[in-house]
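A.B. asks: Structure provided below as structure tokens; questions to follow.
The values are calculated or read from the model by the stated rules, or taken from the named source; none is laboratory data. These figures come from a predicted structure and were not determined experimentally. Virtual Cβ from ideal backbone geometry, glycine too; neighbours counted across all protein chains shown.
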Amino acid sequence: MVKPWEQQRIFLRKLLREQRVACGLTQAELAARLGKPQSFVSKIESGDRGLDFVEVRDYCFGCGLSLASFVEKFELVMSQQETGW
């Protein structure tokens, strides 16, 4: 069974990926905006690499999103999921 905190990390990665795709960016394009290799974005989205708060902010900005709008979406997803736990 996946622990709630791990489930939250899975939803974070999924939402980051969804936002990148919704902005019409490939992993390589986002990585270029961040000044990182494509593998950096791939590892974040696959869960092979964690990321801190500042990196979440940079990822969002790279997608043309504000951190506030991303957090709002994340909280909405989390509140919907928590009712099912």
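A.B. asks: Report yes if some residue within the range 2-11 is surrounded by 13 or more Cβ atoms within 10 Å (Cβ to Cβ), assigned to a helix (DSSP H, G or I), touching a helix residue (DSSP H, G or I) at 6+ places or on another chain (Cβ under 6 Å) and modelled with pLDDT under 95; otherwise report no.
C.D. replies: yes
A.B. asks: Right, here's the next one. Could you tell me whether Pro37 is touching a residue at least 40 places away in the same chain (Cβ under 8 Å), surrounded by fewer than 16 Cβ atoms within 10 Å (Cβ to Cβ) and on the phi < 0 side of the Ramachandran plot?
C.D. replies: No: the conditions fail for Pro37.
Residues checked against (1) crowded, with 17+ Cβ neighbours inside 10 Å; (2) modelled with pLDDT under 95; (3) within 28 Å of Lys3 (Cα to Cα):
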{"site": "Glu18", "(1), (2), (3)": "no, no, yes"}
{"site": "Ala32", "(1), (2), (3)": "no, no, no"}
{"site": "Val56", "(1), (2), (3)": "yes, no, yes"}
{"site": "Gly64", "(1), (2), (3)": "no, no, no"}
{"site": "Val71", "(1), (2), (3)": "no, no, yes"}
